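Worksheet: one structure, shown below.
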Amino acid sequence: MKRFIWPLLLLVSCAAGPHPLSEKPAPLPYAIAPGADHLVEGEQPAEIPLEANASLSGRLVREGQVVRYPLPTEEGQLSLIDCEAWGYARGTESQGQLRVLDRDSNTVASVHLAGRTLHQAMLPFLAGDRGPYQLELQATEATFRYVLVRHSSYAQNHPDQVRDLGQNSQAQGWLAGQGEPVSFKVHGRPGQRFIVHVEPTHERGREYQRRWWFRRPLAAAGLLAPTAAATQVHALRKGEKPFPKFVLGLPGQTLEQASHSQVFVVPDSGILNFWVSQQGTAEAGLFDLTVQRDLHWRQVHVHVANREDHPLPQTRVAFLLEPRMALVSTATTTSAGPCVVSIPDGAYSVVLTRGSTGDHRSMRLRSEQEELYLVW
């Protein structure tokens, strides 16, 4: 995977744009995709305007069919157009093209749609003037049903902007694709530990990420190679197109060092800087950001033994805080006694790895005491 190191220039504050907490997706409920039955030859979706923070749906019934929706737009307005499409039968493959056209029918933004049974893509569009603009959707191969959602409450991202969360614990944002990170800062006490978590706003994207991380503690603990983890996830639903996978990290970290959920320590300045980016995709997407503060951290002595109660030295112990599977602490047992970890109270998936053999085992438990006895 290509490596990225973001310079400290990204941490220069920029006053342009609204506060990140004012950014929200289009309100629910969204339009519902039409059914797959009673297809009519020559059927054409009603070409109604797609207003700001609104949704509509339709279906294309013949290959090559085109529908155009008026796109009322103000000069300088950013629109994030989310398209989700379904085929007419399980396992069917289809492709399409989503484009924004100006008054002269020139393409000013476009994204290709492709998938099997279900596919989803997001098209960012920044209006240069008042238009008029049109949103065009075409079935280039096979046919599909669709829902279009226009998100109009997000600000344009700037490479030198840092979004200030202050003392808040939640925010939302968007990314245009891999290699275009968004920087944040959050305030706290020097030495305070935060668990920062990022996940897709799109519900199906959340489901994809849960299958990637939440149900696979070995992947979350870094014990599976990225290609092996990806193969296992994709095999769950053959042919499903992956959704954007968001990760976060500190300035100077690479994408390989990033994760969907990490423990960060507030420096002496009282301001923690971090970035959000994407792995494995170049497509745009919306994300939700959560900062867990004021957790009760405690020192815990961890004993690992076999069923005969013999201590197992050189065993790596990884604590993944549920339900988001944040890797909060790792330690290795020694022949002299237990290892010591600092973890917050809560429910965990714990992964044990034998240093001599590389064997691993996972278990679930709650940690609200100062001693833990784990049996291999």
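The values are calculated or read from the model by the stated rules, or taken from the named source; none is laboratory data. What you see is a predicted model; the values in this text were computed from it and never measured. For neighbour counting, all protein chains shown are included, and Cβ atoms are generated from backbone atoms with ideal geometry for every residue, glycine included.
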Practice task
Could you please let me know if GLU84 is assigned to a loop (DSSP other than H, G, I, E, B), of a type in the set (Asp, Glu) and at negative phi?
Solution key: no
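A quick yes/no check of all residues on (1) surrounded by 13 or more Cβ atoms within 10 Å (Cβ to Cβ); (2) free of Cβ contacts under 8 Å to residues at least 40 places away in the same chain:
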{"site": "TYR30", "(1), (2)": "yes, no"}
{"site": "GLY42", "(1), (2)": "no, yes"}
{"site": "VAL66", "(1), (2)": "yes, no"}
{"site": "GLY76", "(1), (2)": "no, no"}
{"site": "THR92", "(1), (2)": "yes, no"}
{"site": "ARG99", "(1), (2)": "yes, yes"}
{"site": "ASP104", "(1), (2)": "no, yes"}
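In the stretch 87-115, which residues are charged (D, E, K, R) and in a strand (DSSP E or B)?
GLU93, ARG99
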Practice task
Check the stretch 255-269 and report whether any residue there is of a type in the set (Ser, Thr, Tyr) and part of a loop (DSSP other than H, G, I, E, B).
Solution key: yes
Practice task
Kindly provide the set of residues from the stretch 264-288 that are crowded, with 20+ Cβ neighbours inside 10 Å and farther than 17 Å from GLY177 by Cα, ordered by number.
Solution key: LEU272, PHE274
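Answer with yes or no whether LEU21 is touching a residue at least 12 places away in the same chain (Cβ under 8 Å), farther than 26 Å from PRO132 by Cβ, surrounded by fewer than 17 Cβ atoms within 10 Å (Cβ to Cβ) and not assigned by TED's automatic domain parsing to the domain that holds GLY131.
yes
To keep it simple, each residue is scored yes or no on (1) crowded, with 21+ Cβ neighbours inside 10 Å; (2) touching a Gly at 6+ places or on another chain (Cβ under 8 Å); (3) of a type outside the set (Phe, Trp, Tyr); (4) not assigned by TED's automatic domain parsing to the domain that holds ALA89.
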{"site": "PRO132", "(1), (2), (3), (4)": "no, no, yes, no"}
{"site": "LEU135", "(1), (2), (3), (4)": "yes, no, yes, no"}
{"site": "THR140", "(1), (2), (3), (4)": "no, yes, yes, no"}
{"site": "PHE144", "(1), (2), (3), (4)": "yes, yes, no, no"}
{"site": "ALA171", "(1), (2), (3), (4)": "yes, no, yes, yes"}
{"site": "LEU175", "(1), (2), (3), (4)": "yes, yes, yes, yes"}
{"site": "GLY179", "(1), (2), (3), (4)": "no, no, yes, yes"}
{"site": "VAL186", "(1), (2), (3), (4)": "yes, yes, yes, yes"}
Problem - Flag if LEU320 is farther than 30 Å from LEU78 by Cα and touching a helix residue (DSSP H, G or I) at 6+ places or on another chain (Cβ under 6 Å) - result: yes
Completion exercise
Among strands (runs of 3 or more DSSP E) entirely inside the stretch 278-376, those with 2 or more residues being free of Cβ contacts under 8 Å to residues at least 24 places away in the same chain and of a type in the set (D, E, K, R) are 360-367
